[in-house]
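The numbers here are math on the coordinates, done by the rules we state, and not lab data. As the structure is a prediction and not an experimental result, all values here were calculated from the model. Cβ placement follows ideal geometry from the backbone for every residue including glycine, while neighbour counts extend to all protein chains displayed.
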């Protein structure tokens, strides 16, 4: 069963907001076995809406439409839906009562524009919106289902979860879709592809493998489609197992979670603590860890030691080390990681120092030069990288590389 | 001039990633006077790609395609583009040299799949990708321009900024659009709207005002449309001046830059330095500062003091203060900011401590309780906030609120 998601309104088209609604809907739909074929954002324009509906109806079984249902005059979705289905707009008494109730509760006068919210195309089944005034609408015509919902995220989400998804599951016989993600770090997409080429060739037609690369990490995602769960999960697990064995140390975890979260979980399971000494990453690495709830059982904190003086006072890096070798050097990163272990009393520590750029490079230490040290359990890994001249990229790559090194040390 | 953005690949369709690329592109295109008519995410499927290209070409003047250019076999964009234009794929020698160079630099063997990256449809002009192996491609056929770029955000962004947008501006006669952004902090959208209602009423039809709210900040963007620049800039500047005078202390800067960058610039101009003591924001505030080139002349660094012990050892917070009042208290945040000033020897300091959530709240200190202190130049501001139970939002709001407080202290 295929679906398309159409978002109506200008906010996304002018870049003012990012379309998080569709991502959320896509996740929910995939989980119940509905594949999303296309996601479109279109303008609040009659002709454009008609065209998008026609195109979608030719492609999929269910068309989800969000947005364009507010009370202001630029919202023409309902009128256009009525035109599309060639029906009149009629007043829905229940919706009118609901709208009146909301305005009464807030002691606001009911304006004509608000009363119009209770008008819906004559052929729809109203989907009750308990969080707002705009009703959802369910249509079925020529074997295609159309579901129109308000664009306000929590109104849409509630309507989907409480009303639309249960109804869909009841009405349609859905296939089973199973996803399994293998998180890898430290190897590129093409290297991995070559490593597992024969396993990929063995995949049956109903199991697909996708490579999802991102800054030094690649997610391998197996997706299996079938009629029933029995057997499917086992099949996917078997292929996952073969892939994991093959890729060796690049394997991090067989869950769809962030690399730093996988590390936090691993360390928490072993009762280990972690601290950091950041220079060029400037707090980004700490932020990666601390964005995850519950990180405090592992992550103690650390120093963002941008200035020389802070490297000395917080981490105990020797002034002569900085004078003789510079802040971006093997000697300094070693003292940084040792200082973190000692001063912050953690089991493991990460230190990063480099030239994030775009300025500050020299001939021997060009922009993008980064030293990373990870230490703990009597072991230490130190590596030098040259990541290039993009500041943001340097910061992100340094952090991800440090995570990969720590993961190796923990293996 | 109208544009459409097509993103190829399954990541968005299964909800694994949110389409931030398109939002960024839409913003950039709107700024140079190109309206985005539709944004679509489609699957990595030959027929679907062909259909989407045809539909887009019927609607707009420029079709932007991102994604589907990686080296692995699930990427069929190039082949399909060649089919769409009815041309062969040919090897581009410059791209091949570039790909070889990248692999040589990282001491990796060049695989056959990598060599294939240098193949492009015969009718395209290659857009050099200095950040990756997948080339961009520029097509022009039947009065429609097609621009295909890799989906990796920083590769796409660099290619757009450095190559595509300048080229578009050169080739097409675009209307003159002048934007002027006024950054405000600390006041809500409706408050600002009420304050400047009469100025907004005075705006002529060709100047629009947009409110762009985001987490405690509101950007007011004036956009003027015209045939030529003469007179337009002066008009916009006059309205901006009236607005700035009216909004008073909520005004931060009349540039479209980040709040922390405005603060860095202001402090650099006065030769002031800054340090931070972060608990619940966990490095995020430091990261906000350190993502900006040249921040080191102002930002010295600080402590990410997640654990009690680090609050004591790095910042000198007294153990009895933590024991008696807890980590999230006026007393602790005061000692944190004083410790930062003293230990890090900066002119100004920010301290933040709170319960980011979703767990860890108590009856008297619910999740979202945050204490923020900013100090410097013999002055100190301390405030308590309750931001609610969303972790990510708490972290971001805490950081932005701290920035707003520092901006006030600097005014």
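What is the calculated FRET efficiency for residue B:325 to residue B:83, with r their C-beta to C-beta distance and R₀ = 60 Å, to the nearest 0.05?
Working: r = 69 Å, r/R0 = 1.15.
The value I calculate is 0.30.
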Residue A:233 versus residue B:45: modelled label distance in nm, points set 7 Å from Cα along the beta carbon direction: 2.7 nm
In nanometres, what is the gap between the two model label sites at residue A:116 and residue B:169, each 7 Å from Cα along Cα-to-Cβ? 4.1 nm
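Counting only other chains, and only Cβ atoms inside 10 Å, what mean value do you get across the residues of A:29-36? Spell out each step's value before the answer.
On the way: counts 3, 5, 2, 0, 0, 0, 4, 8.
That works out to 3 on average.
Specify, per residue and in Å³, the volume enclosed by the convex hull of the alpha carbon atoms belonging to segment A:270-410.
On the way: hull volume 13.2 nm³, N = 141.
It is 94 Å³ per residue.
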Using only the Cα atoms of segment A:1-102, what are the Rg and Dmax in Å? 14.8, 40
Can you compute the FRET efficiency between residue A:32 and residue A:58 using 1/(1 + (r/R0)^6), with r the Cβ-Cβ distance and R0 = 25 Å? Round to the nearest 0.05. 0.60
Take residue A:382 and residue A:256, extend 7 Å from each Cα along the Cα→Cβ direction, and tell me the distance between the two endpoints in nm. 4.1 nm
Check: C-alpha center segment B:10-25 vs C-alpha center segment A:290-326, spacing in Å is 35 Å
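Quick one: compute the contact order of segment B:176-253, relative version, from alpha carbon pairs under 8 angstrom and 6+ residues apart, as a percent.
Reported as a whole number, the value is 46 percent.
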Provide the three semi-axes, in whole Å and in decreasing order, of the ellipsoid equivalent to the protein assembly as shown as defined by the square roots of 5 times the Cα gyration tensor eigenvalues. 42, 35, 29
Measure nothing fancy, just the Cα-based angle from helix A:93-105's long axis to the longest principal axis of chain A, in degrees from 0 to 90, nearest 10. 60 degrees
On C-alpha positions alone, give me the angle between the axis of helix B:330-344 and the longest principal axis of chain B, in degrees, nearest 10. 70 degrees
Highest-MSF residue in chain B out of B:142, B:131, B:389 [GNM, Cα springs under 10 Å]: B:142
Pseudo-label separations to other copies for residue B:319 - Cα-to-Cβ vector, 7 Å, nm: 3.1
D (µm²/s, integer) via Stokes-Einstein for segment B:161-292, Kirkwood Rh across alpha-carbon pairs, 4 °C, 1.567 mPa s: value 76 µm²/s
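Rounded, prolate or oblate, given the Cα gyration tensor of segment A:97-166, with a/c below 1.5 counting as rounded?
Working: a/c = 2.88, a/b = 1.59, b/c = 1.81.
Taking the square roots of the gyration eigenvalues as a ≥ b ≥ c, segment A:97-166 is oblate.
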Over all directions, how big on average is the projection of the convex hull of the alpha-carbon atoms in segment B:357-401, in square nanometres? 3.4 nm²
Report, in whole Å, the centroid distance computed from the Cα atoms of segment A:375-411 and segment B:197-272. 41 Å
Within segment A:91-106, name every residue whose backbone N is under 18 Å away from a label modeled 7 Å from Cα of residue B:190 along the Cβ vector. A:102-106
Ordered shortest first, which distances in nm separate the 7 Å Cα→C-beta label point of residue B:293 from those of the other copies? 4.0
In square nanometres, what is one fourth of the surface area of the convex hull spanned by the alpha carbons of segment B:2-171? 9.4 nm²
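Give me a single rounded figure for A:275-288: the average over its residues of other chain Cβ atoms within 10 Å of their Cβ. Mind showing how you got there, number by number?
Details: counts 4, 2, 0, 6, 3, 2, 4, 13, 17, 7, 3, 10, 12, 4.
Counting other chains' Cβ atoms within 10 Å and averaging over A:275-288 gives 6.
Just want the ordering: B:391, B:221, A:115, from fewest to most Cβ atoms lying within 10 Å of their own Cβ. Intermediate results must be reported in sequence, preceding the final value.
Working: B:391 21, B:221 18, A:115 15.
Lowest count first: A:115, B:221, B:391.
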How would you order A:229-237, A:249-257, B:7-15, A:308-316 from highest to lowest mean count of nearby Cβ atoms within 10 Å? B:7-15, A:308-316, A:249-257, A:229-237
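With an 8 Å cut-off on Cα pairs and a minimum separation of 6 or more residues, tell me the relative contact order of segment A:267-355 in percent. Write down the numbers at each step before the final one.
Values: 149 pairs, mean separation 35.4, N = 89.
Across segment A:267-355, relative contact order equals 40 percent.
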Considering the Cα positions of chain B, please state its Rg to one decimal place and its Dmax as a whole number of Å. 25.7, 77
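For segment A:283-360, report the translational diffusion coefficient in µm²/s to the nearest whole number, using Stokes-Einstein at 4 °C, 1.567 mPa s, and a Kirkwood Rh over Cα pairs. Walk me through the intermediate numbers first.
Details: Rh = 13.2 Å.
D, rounded to a whole number, is 98 µm²/s.
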Rounded to the nearest 500 deg cm²/dmol, what is the calculated helix-only ellipticity per residue at 222 nm for chain A, with -39500 (n - 2.57) per DSSP H run of length n ≥ 4? -12000 deg cm²/dmol
Take the Cα radius of gyration of segment B:145-184 and divide it by 2.2 N^0.38 Å, with N its residue count; two decimals is plenty. 1.50
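Over all residues in B:2-13, what is the mean tally of Cβ atoms on other chains that come within 10 Å of each residue's Cβ? Provide the component values of the computation, followed by the final result.
Working: counts 1, 1, 3, 2, 2, 1, 0, 2, 9, 7, 6, 13.
That average works out to 4.
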Compute the long axis of helix B:391-410 from its Cα atoms, compare it with the longest principal axis of the Cα atoms of chain B, and write down the angle in degrees, 0 to 90, nearest 10. 70 degrees
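Stokes-Einstein at 10 °C, 1.306 mPa s, Kirkwood radius from Cα pairs: D for segment B:176-253 in µm² s⁻¹? Can you show the working numbers first?
Working: Rh = 12.6 Å.
Stokes-Einstein gives a translational diffusion coefficient of 126 µm²/s.
Only Cα pairs under 8 Å and at least 6 apart count here; give the relative contact order of chain A as a rounded whole percent. Don't jump to the answer; show the numbers that get you there.
Details: 756 pairs, mean separation 41.1, N = 411.
In percent, rounded to a whole number, it is 10.
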Test of understanding: what is the full-extension gain from residue B:105 to residue B:1, defined as 0.36 nm times their sequence separation minus their Cα-Cα distance? 33.3 nm
